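All remarks here apply to the structure that follows.
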Amino acid sequence: MREAYGLDFRSLAILRISLGLVLVFNLLQRAPDLVAHYTSEGVLPASIELSLAGLEPGFRPWSLFYLTDSPWFVGLAMLLGLMGSLALTLGYRTVVAGWLCWIILISLHHRNPLLLNSGDIYLLLLLFWGNFLPWGRVFALDAPPHETPTAKSHLSIAGLAYLFQICYVYWFAALPRTGPSWQVSQDALYKVLHQDGLITRVGERFLYLGQDWLAFLTWSTMVFEIVGPFLLLTPFYQLRLLGIASIIGFHAGLILVMQLGLFPWICILAVFGLWPSQVWATLAGRWLQERLTTAFHSLANLLSRAPRKRTLEDSPAERVLLRNLVPGFFFLLSTYGLVGDQFGWDQSQRMLHFLRQAGLHQKWRMFSPDVNVISGWDSVEAVTESGQVLDLITGSAYPQGGYQRRSLPFVERRWTEYSATLRRYRSEPLTELYLRYLVTQWDRNNPDNKIVQATHIWHARVVREDFLLGQEMPQILGRYRP
Amino acid sequence: MSSSVRPSGRLILVALFSLLGAGCFGPESYLAQGNSAYFRGDTAEAAQQYRRALDFESTANTAALNLGRLYFEAGDLEKAEPYLRSGSNERPDFALARYQLAVIDRSRGELESASTEIRKAILLDPDFGRIWLQEFPEDRRARLSYARALHRLGRPELAAGEYRKVMAEGQGDVMAVQASRALEKIQSVTGTEVSEEHDI
């Protein structure tokens, strides 16, 4: 059992290091829009967020950022999160660092849920399960010094929860896809590749393959999402490796064709912790192990860290409570919530709220039950005192003429998420806040040419079959009233 | 130079790339490239790709409609018309082309033909009625069709407003009578005087 399903300490350490680095990147990526997204001077002041009914009725989330949403406090908390992420990467006080990162991340999620995407949810879940795993025992400053890691593995309910968490992402993405595009006409990928703002230039080229090839790829995606995770559950390491490789390959493909922010990267690093011990016996594995051991020993010496008495083994209390009982309880609850949501069970609101508070409420309904046939892009058409017409999102002159796609750079993905969520909620107060923020920013930088009116427009168009150009249906989402 | 790829592996790779290549150069590829250019705003390239797709039976119809739209949006109504007409013949359910043909017919002064086309467009997608009436508010036949389409869509308040406008402008002609009857029908179903609904 341990040989088949045990997690190698070295692989867990790789998971910790890569997750830590992604956390660092994630926080740095959020930093430029810290004031806009999380403070009283941004698009969603805490007082307004808490007073808005309808975001999640009856649910009062917790967040450190509700204490105060002044910029200095948010900045300080982000800095703390950044230090925690670095400590997690280096394996310094791993348990404390891991939970500190989790608290900061979940606080950010709860503070502005309009910015979230699947990658954020998955990152938080991985961090949660990872914190119950012994991922700081090797390749870490906490590791016993001058000890070469060996092929020891760890088996616990926390490990199984982590393994099943990966499977859930694919199974529960595939199961709700009951729409005709996935099940009958197989043109789901064709429609996905027509979603503006989501597709890369390479993704556009995929459309050149034609409908038949895209139908085959649609079918392959479904097969992969259902069968692929089962490979991870087999006791044969060769099949598990095949499962890991297929997941990495699938998401590498996604990175090429779609702009999904950090989601595919997180999916790739999620399977790092599943590398079987046999990987470490290969030439590349041995090379990596040697390099990492040397690096961490050198770093420990540099920092003159006192040797810790920690060994690879858990204490009995750790084994029972931290590795099995507590994660087991959360795992059952999380699974129940996910399965219940999929099959429409009548679930207790208290339980769902508890799952949300713990960041364990998950849904993987991407492009389901069917792919949206409405695509488009956002603009904020603004007129200044001098009569200049501009798009406040880009800050440049308002585009004239026909429909033109606009793709945003990677760092602006969160704003895209924000616009997409605004469209979903169709909330006038939220749209007004968004416009007010954009106008305030412009007016601050251009005191002699202030905005006199602004309109948030969704340039929607219908995605038609057979490459027929669908009609445009511009919709006004909200107006700015001075 | 030695290669690490075995002959069987090489064969699979060649087969795979051939298949991919066949897909890449299929007629649908021209449509996709045309659309890509269209969204970039490169109309010359888009027109060239659509014209290529016109040569293939499987893509000719879509290519004609896309090409017609391209010329229509560029303001070249003369060039747009034959493509839109042939595309619409094969695909009578595409409301946008019907609307564009109505605009073209109207610009030529062919009011009867324009009226037929716009009514077909409204039947397929009532939203074209709203767009058309913004441009040509005096077109009472289109307004009557629009009102009927709204009524069918389950928007009686909005339909009632349009019927009233037809009645007010008609002074008891055939259309005004038809509108009046339809309005009575709405009021008998709802049981009350229908107030005007404002569309957002």
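The values are calculated or read from the model by the stated rules, or taken from the named source; none is laboratory data. Keep in mind the model is a prediction, meaning the values are calculated, not measured. No Cβ is skipped: glycine too gets one built from the backbone with ideal geometry, and neighbour counts run over all protein chains shown.
Remarks
- Helices (runs of 4 or more DSSP H) fully within segment A:227-286 that include at least 3 residues being out of contact with any strand residue (DSSP E or B) (no Cβ under 9 Å at 6 or more places or on another chain) and over 23 Å from residue A:159 (Cα atoms): A:237-257.
- Subset of segment B:109-134 [surrounded by fewer than 21 Cβ atoms within 10 Å (Cβ to Cβ) and either free of Cβ contacts under 8 Å to residues at least 24 places away in the same chain or in contact with a strand residue (DSSP E or B) (Cβ under 8 Å, 6 or more places away or on another chain) (or both)]: B:109, B:110, B:111, B:112, B:113, B:116, B:127, B:133, B:134
- Scope segment A:40-92; condition surrounded by 17 or more Cβ atoms within 10 Å (Cβ to Cβ) and modelled with pLDDT under 90; matching residues: A:46, A:49, A:61, A:69
- Filter pass, residue A:143 being in contact (Cβ under 8 Å) with a residue 60 or more places away in the chain, away from chain B (no Cβ under 14 Å), in a helix (DSSP H, G or I) and out of contact with any Cys (no Cβ under 6 Å at 6 or more places or on another chain): no
- Selection from segment A:43-92 of residues that are among the hydroxyl-bearing types (Ser, Thr, Tyr) and touching a Leu at 6+ places or on another chain (Cβ under 8 Å): A:63, A:66, A:85, A:89, A:92
- Within segment A:141-152, considering residues that are at pLDDT below 90 and aliphatic (A, V, I, L, M), the one farthest from residue A:422 (Cα to Cα): A:151
- Residue in segment B:145-163 that is of a type in the set (Asp, Glu) and within 14 Å of another protein chain (Cβ to nearest Cβ) present: no
- Criterion violated by residue A:200 - all others in (1) closer than 25 Å to residue A:368 by Cα; (2) crowded, with 21+ Cβ neighbours inside 10 Å satisfied: (2)
- Scanning segment B:92-106 for residues being farther than 16 Å from residue B:142 by Cα and away from every other protein chain (no Cβ under 13 Å) gives a total of 1.
- Looking only at segment A:67-83, residues that are touching a residue at least 24 places away in the same chain (Cβ under 8 Å) and either in contact with a Ser or Thr (Cβ under 8 Å, 6 or more places away or on another chain) or more than 13 Å from residue A:39 (Cβ to Cβ) (or both) come to 8 in all.
- Checklist (1) aliphatic (A, V, I, L, M); (2) under 14 Å from residue B:87 (Cα atoms); (3) at the interface with chain A (Cβ under 8 Å from one of its Cβ atoms) applied to residue B:32, failing item: (2)
- Against the criterion of being of a type outside the set (Lys, Arg) and under 12 Å from the mean Cα position of the chain (by Cα), residue B:87 qualifies.
- Segment A:432-482, residues that are over 30 Å from residue B:32 (Cα atoms), within 14 Å of chain B (Cβ to nearest Cβ) and of a type in the set (S, T, N, Q): A:455
- Taking the criterion of being within 15 Å of residue B:37 (Cβ to Cβ) and either within 11 Å of another protein chain (Cβ to nearest Cβ) or not in a helix (DSSP H, G or I) (or both), the residues of segment B:63-87 that qualify are B:63, B:66, B:67, B:69, B:70, B:73, B:74.
- Screening the candidates A:323, A:365 for the property of being closer than 30 Å to residue A:463 by Cβ and modelled with pLDDT under 95 yields one hit, A:365.
- Residue check for residue A:2: surrounded by 15 or more Cβ atoms within 10 Å (Cβ to Cβ) and either in contact (Cβ under 8 Å) with a residue 12 or more places away in the chain or out of contact with any helix residue (DSSP H, G or I) (no Cβ under 8 Å at 6 or more places or on another chain) (or both): no
- Taken together, A:206, A:263 contain a single residue that is within 14 Å of chain B (Cβ to nearest Cβ) and crowded, with 19+ Cβ neighbours inside 10 Å, which is A:206.
- So residue A:13, is it crowded, with 22+ Cβ neighbours inside 10 Å, farther than 24 Å from residue A:434 by Cβ, of a type outside the set (D, E, K, R) and touching a helix residue (DSSP H, G or I) at 6+ places or on another chain (Cβ under 9 Å): yes
- Leading residue by the ranking (farthest from the other protein chains (Cβ to nearest Cβ)) among those in segment B:42-62 that are under 18 Å from residue A:465 (Cβ atoms) and not polar (S, T, N, Q): B:57
- Filtered residues of segment A:176-193 (kept if surrounded by fewer than 17 Cβ atoms within 10 Å (Cβ to Cβ) and either within 11 Å of chain B (Cβ to nearest Cβ) or of a type in the set (Val, Ile, Thr) (or both)): A:178, A:184
- Scanning segment A:450-482 for residues that are surrounded by 14 or more Cβ atoms within 10 Å (Cβ to Cβ) and in a loop (DSSP other than H, G, I, E, B) returns A:450, A:463, A:464, A:468, A:469, A:470, A:471.
- Residue match in segment A:359-374 (condition: closer than 22 Å to residue A:94 by Cβ and either surrounded by fewer than 16 Cβ atoms within 10 Å (Cβ to Cβ) or touching a Gly at 6+ places or on another chain (Cβ under 8 Å) (or both)): yes
- Top-ranked residue in segment A:93-140 [being assigned to a loop (DSSP other than H, G, I, E, B) and surrounded by fewer than 20 Cβ atoms within 10 Å (Cβ to Cβ); ranked as modelled with the highest pLDDT]: A:93
Yes or no, residue by residue, for (1) within 14 Å of chain B (Cβ to nearest Cβ); (2) in a loop (DSSP other than H, G, I, E, B); (3) closer than 22 Å to residue A:113 by Cα; (4) modelled with pLDDT under 90:
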position: A:359; (1), (2), (3), (4): no, yes, yes, no
position: A:371; (1), (2), (3), (4): no, yes, no, no
position: A:376; (1), (2), (3), (4): yes, no, no, yes
position: A:383; (1), (2), (3), (4): no, no, no, no
position: A:386; (1), (2), (3), (4): no, yes, no, no
position: A:394; (1), (2), (3), (4): no, yes, no, yes
position: A:412; (1), (2), (3), (4): no, no, yes, yes
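- Figure legend. Inter-residue proximity from segment A:418-441: first residues of a type in the set (Phe, Trp, Tyr), second residues loosely packed, with under 15 Cβ neighbours inside 10 Å, beta-carbon distance below 8 Å, spacing 6+ or different chains. Indicated pairs: A:425/A:54.
- Here residue A:196 qualifies as part of a loop (DSSP other than H, G, I, E, B), within 12 Å of another protein chain (Cβ to nearest Cβ) and farther than 17 Å from residue A:173 by Cα.
- Filtering segment A:312-357 to residues that are in a loop (DSSP other than H, G, I, E, B), of a type outside the set (Phe, Trp, Tyr) and without any contact (Cβ under 8 Å) to a residue 24 or more places away in the chain leaves A:313, A:315, A:344, A:346, A:347, A:348.
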